[in-house]
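Q: The structure follows.
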Amino acid sequence: MTTETFTAYLVSKTAENTFVPAIVERPLEDLPAGDVLIRVAYSSLNYKDALSATGHPGVTRKFPHIPGIDAAGTVVSSAVEQFRPGDEVLVTGYDLGSNTWGGYAQYIRVPADWVVPLPAGLSLYESMIYGTAGFTAALSVDAMEHNGLSPEKGEVLVTGATGGVGSIAVAILAKIGYRVAAVTGKTTEHDYLRRLGATTILSRDEVNDQSNRPLLSARWAGAVDTVGGNILATILKSTQQHGSVAACGLVAGAELPTTVYPFILRGVNLLGIDSVLCPMEKRRAIWARLASDWKPDHLEEIATTITLAGLQEKIQAILQGKVRGRIVVEPK
Ligand SMILES: NC(=O)c1ccc[n+]([C@@H]2O[C@H](COP(=O)([O-])OP(=O)(O)OC[C@H]3O[C@@H](n4cnc5c(N)ncnc54)[C@H](OP(=O)(O)O)[C@@H]3O)[C@@H](O)[C@H]2O)c1
């Protein structure tokens, strides 16, 4: 049995072009059309959710809108054989929370081909500690390993290391035997990063070269970059022969002021990471690893849990780069 209404964090656009959130009750019939109705147990907060909730047109154009690019919960009803009431599932990416109502609600309704069965070894809560951020961190590690990275090749750098993608990248890499150098702007969080498994901690300035030299001494075997801009350009100049850099974010800037020298003189691989439209077969394989050999021992240490009432404050914090780890959202 479903309830007639559901609670949600709904963002409306005003006549003055401002974006105002409210916690509302809506009838279930207001949900978008879709094959699978899911009762949401948990969602999470990603940087992209904060952009959506504050009206960034590159993420969300249709208002009123319920953000939340991630959701994990239980199937209530399904129009396809593949999913049955009671199945535990998760959804990340596709259009969820972008222009389709997302996980900051007690229910979502989505196309069946967005839905991933919860893998054995993972609880609904743990799946949302990962969310899109953890999935992206795992895609980054997977991409680097497919391009030849292995622990004996040397140290792997992670930027934005106390953020969502960064924290989980540090924890996964440490778990599977890499030496991890973590870049952070938060001087108070060095112990946190060491607990996740980082062995070297660097300030942002140390990876933000201003010399204009085309190459720097080759240090990193690999890197997960969540920030972009001149920091990504610096990493490319500092990557070892045939090393790999996974570019997944842009919190420091969308530009990339580089030359071709790292690519043609050192054979550096610049790997683009897209979690949103990752094909389903690979999606399931990555989630299976997150549930097994890549699962950090202290995953819960990365998480803080809030309800819908706590979202507005955390949305402002993540936009200012002030969040540590992952925020799990209980839609109540
Ligand atoms: N490609 C994809 O599919 C995909 C998927 C998920 C996320 N992303 C992108 O990845 C990025 C990170 O997402 P997230 O959810 O992990 O965000 P987040 O939790 O806010 O983490 C970002 C971290 O970057 C660091 N940072 C913030 N501002 C910075 C600046 N100006 N210069 C250098 N470092 C800065 C901060 O860590 P420190 O204080 O430790 O430095 C911050 O905690 C975002 O750009 C997001 O859009 C992309």
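Q: Could you give me the ³J(HN,Hα) list for the range 267-284, computed from phi with Karplus coefficients 6.51, -1.76, 1.60 and θ = phi - 60°, whole Hz, x at Gly and Pro?
A: x, 5, 9, 9, 10, x, 10, 10, 7, 5, 10, 3, x, 4, 4, 5, 3, 5
Q: Let me ask you something else. Roughly speaking, what is the stretch gain from residue 62 to residue 307, that is 0.36 nm per residue apart minus the C-alpha to C-alpha distance, in nm to one decimal?
A: Taking 0.36 nm per residue and subtracting the Cα distance, the gain is 85.8 nm.
Q: Another question, then. Which one, 17, 5, 120, is farthest towards the positive end of the dipole of the chain when Lys and Arg carry +1 and Asp and Glu -1 on their Cβ?
A: Projecting each Cα onto the dipole axis, the largest value belongs to 17.
Q: In whole percent, what relative contact order does the range 132-272 give with Cα contacts below 8 Å and a gap of six or more residues?
A: 24
Q: Moving on. Along Cα→Cβ, 7 Å out, is where each label goes; now give me the distance between the ones at residue 242 and residue 212 in nm to one decimal.
A: Simple spin-label model gives 3.5 nm for this pair.
Q: Something else now. Under a plain spin-label model, where a point goes 7 Å from the Cα along Cα-to-Cβ, how far apart in nm are residue 146 and residue 20?
A: Placing both labels 7 Å along Cα→Cβ, they lie 4.7 nm apart.
Q: Now, a different point. Can you work out the accessible area per residue across the range 132-272, with the rest of the protein chains kept in place, probe 1.4 Å, in square angstrom?
A: Per-residue value: 40 Å².
Q: For residue 326, enumerate residues with amide H under 5 Å from its amide H, sequence gap 5+ or separate chain, H modeled in the peptide plane.
A: 303, 304
Q: Residue by residue through the range 249-264, which ³J(HN,Hα) values in whole Hz follow from phi under the Karplus form 6.51 cos²θ - 1.76 cosθ + 1.60 (θ = phi - 60°), with glycine and proline marked x?
A: Per residue, the Karplus-derived 3J(HN,Hα) values read x, 8, 4, 9, x, 8, 7, 9, x, 10, 10, 7, 4, x, 7, 8 Hz.
Q: Could you give me the ³J(HN,Hα) list for the range 112-119, computed from phi with Karplus coefficients 6.51, -1.76, 1.60 and θ = phi - 60°, whole Hz, x at Gly and Pro?
A: 4, 7, 9, 9, 10, x, 4, x
Q: Under 5 Å between amide H atoms, partner at least 5 residues away or on a different chain: which partners does residue 70 have, H built in plane at 1.01 Å?
A: 44, 103
Q: How big is the charge dipole of the chain about its Cα centre, in debye rounded to the nearest 20, if each Lys and Arg gets +1 on its Cβ and each Asp and Glu gets -1 on its Cβ?
A: On the way: 29 positive and 33 negative charges, 138 e Å.
It comes to approximately 660 debye.
Q: Lys/Arg Cβ at +1, Asp/Glu Cβ at -1, dipole of the chain taken about the Cα centre: which of 197, 131, 268 is farthest positive-ward?
A: 268
Q: Using Cα pairs under 8 angstrom and six or more residues apart, how large is the relative contact order of the chain, in percent?
A: Worked out over the chain, it gives 19 percent.
Q: Considering only protein heavy atoms and a probe of 1.4 Å, how much of the accessible area of the range 132-272 is carbon and sulfur, as a whole percent?
A: Carbon and sulfur: 50 percent of the exposed surface of the range 132-272.
Q: The chain: percent of C-alpha pairs farther apart than 39 Å? Can you show the working numbers first?
A: On the way: 7483 of 54946 pairs.
The calculated P(r) of the chain puts 14 percent of pairs beyond 39 Å.
Q: Can you tell me the length gained on complete extension of the stretch residue 259 to residue 204, counting 0.36 nm per residue apart and subtracting the Cα distance?
A: Contour length minus Cα-Cα distance gives 17.7 nm.
Q: Right, here's the next one. Give me the one-decimal nm value for the distance between modelled label points at residue 176 and residue 319, 7 Å along each residue's Cα-to-Cβ direction.
A: Each label point lies 7 Å from its Cα, and together they span 3.5 nm.
Q: Order of 239-249, 63-73 by packing, highest average Cβ count within 10 Å first?
A: Sorting 239-249, 63-73 by mean packing, highest first, produces 63-73, 239-249.
The values are calculated or read from the model by the stated rules, or taken from the named source; none is laboratory data. Nothing here was measured: the structure is a model prediction, and the numbers come from that model. Every residue, glycine as well, gets a Cβ built from its backbone with ideal geometry; the counts of neighbours run over all protein chains shown. Ligands, DNA and RNA are stripped out before the accessible areas are found, and what is left, the full protein with its side chains, is counted by its heavy atoms. Shrake-Rupley method; radii C 1.70, N 1.55, O 1.52, S 1.80 Å.
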